[in-house]
Amino acid sequence: MFVVTGATGNVGRTLSAILAASGAPVTAVSRGRRPIAVPDGVRHHRADLTSPDSLRPALTGAEAVFLLVEGAGAHLDVPEILRVVTSAGVKRIVLQSSQAAGTRPGSASHAPLQRIEDVVRGTGLAFTILRPGGFASNTYAWAESVRASRTVTAPFGDVGLPVIDPDDIAAVAAVVLAGGHDGHTYELTGPALTTPRSRAADLATALGEPIRFAEQSPDEAREQMLTFMPPPVVDGTLAILGAPTAQEQRISPDVASILGRPPATFASWATRNIEAFR
């Protein structure tokens, strides 16, 4: 039996469905009070990781846990969460971390994830750590302006990053939860560098209508992002978007190696999700 935390998110929702389709019993964990729709064969359990004991009932009989922490997890008692997981007899944990935990371990925005990785490595459980780069689904932030005025505004319009389809993260997680990848840390990226300008063009192609790209200054972007992100996360994100390291622009082979196929392109993600922008 598999337990998936963050089950209503872009990765957890798809991961729960993949595991259930394989015939495995799945418990989908979310913290929301409202019931959520889950695929056949999936049991929903409400738990809040800020209260680790609330997770305990979901773990009975579980072989492996997919652990996703909100933000960088600095507000969580991760050692206590992992003590609860270990005491339940779980054998394997798969942590969704971030590429920046490796590329920027000293940054205020991502250092907490590096510490969580270290705690996971020290549990004595079998573990795999997934470090995805930027998500293609972050583009949903443009949906309102595309629907309203067929406009995208973003900083660093011509800086490329190999953003990844969250469904590919879920597919990788489903494979490694079953075992055979213990002790590994995988970096997950898309198949090519794409820029904000090129992503807007891919959305326009999928939509069948022109979309205007308007480049923001870094200060304009920071002011906007501060409305929904804390300052350290805003600054860390802008640093990656505007001045990525060579490692952050590298196309990782890990998705293809694990799945036996190339990672999905941003254009394919846009086509599949275009109704959100229409």
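Overview of results
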quantity	calculated
Pick from segment 124-142, criterion more than 19 Å from the chain's Cα centre (by Cα) and open to solvent by less than 40 Å² (accessible area, probe 1.4 Å), ranking: farthest from Val85 (Cα to Cα)	Ala126
Matching residues in segment 220-256 - criterion: being more than 19 Å from the chain's Cα centre (by Cα), polar (S, T, N, Q) and not in a loop (DSSP other than H, G, I, E, B)	Gln224
Unmet criterion (only one of (1) touching a helix residue (DSSP H, G or I) at 6+ places or on another chain (Cβ under 8 Å); (2) in contact (Cβ under 8 Å) with a residue 40 or more places away in the chain; (3) crowded, with 18+ Cβ neighbours inside 10 Å) for Pro162	(1)
Tally of residues being open to solvent by 20 Å² or more (accessible area, probe 1.4 Å), in a loop (DSSP other than H, G, I, E, B) and touching a strand residue (DSSP E or B) at 6+ places or on another chain (Cβ under 6 Å) across segment 1-18	2
Subset of segment 70-97 (residues that are within 16 Å of Ser30 (Cα to Cα), open to solvent by 10 Å² or more (accessible area, probe 1.4 Å) and in contact with a helix residue (DSSP H, G or I) (Cβ under 9 Å, 6 or more places away or on another chain))	Gly71, Leu76, Gln96
Filter result for the condition that a residue is farther than 25 Å from Phe135 by Cβ and in contact (Cβ under 8 Å) with a residue 24 or more places away in the chain, over Thr8, Thr103, Thr50, Thr60	Thr60
Selection within segment 243-278 - open to solvent by 30 Å² or more (accessible area, probe 1.4 Å) and over 20 Å from Tyr186 (Cβ atoms)	Ala243, Ala267, Ser268, Thr271, Arg272, Asn273, Glu275, Ala276, Arg278
Complete set of residues in segment 53-69 that are open to solvent by 10 Å² or more (accessible area, probe 1.4 Å) and under 15 Å from Met1 (Cβ atoms)	Arg56, Pro57, Thr60, Gly61, Glu63
Unmet requirement for Ala21, which otherwise passes all of (1) hydrophobic (A, V, I, L, M, F, W, C); (2) out of contact with any strand residue (DSSP E or B) (no Cβ under 6 Å at 6 or more places or on another chain); (3) surrounded by 19 or more Cβ atoms within 10 Å (Cβ to Cβ)	(3)
Scan of segment 184-226 for residues that are in contact (Cβ under 8 Å) with a residue 40 or more places away in the chain, over 19 Å from Gly133 (Cα atoms) and open to solvent by 50 Å² or more (accessible area, probe 1.4 Å), ordered by number	Thr205, Glu209, Pro210, Arg212, Glu215, Pro218, Glu220
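The values are calculated or read from the model by the stated rules, or taken from the named source; none is laboratory data. This structure is a prediction, so every number in the text was calculated from the model and none was measured. Every residue, glycine among them, receives a Cβ derived from its backbone with ideal geometry; neighbour counts consider all protein chains shown. These area figures cover heavy atoms from the full protein model, side chains too; ligands, DNA and RNA do not enter into them. Shrake-Rupley method; radii C 1.70, N 1.55, O 1.52, S 1.80 Å.
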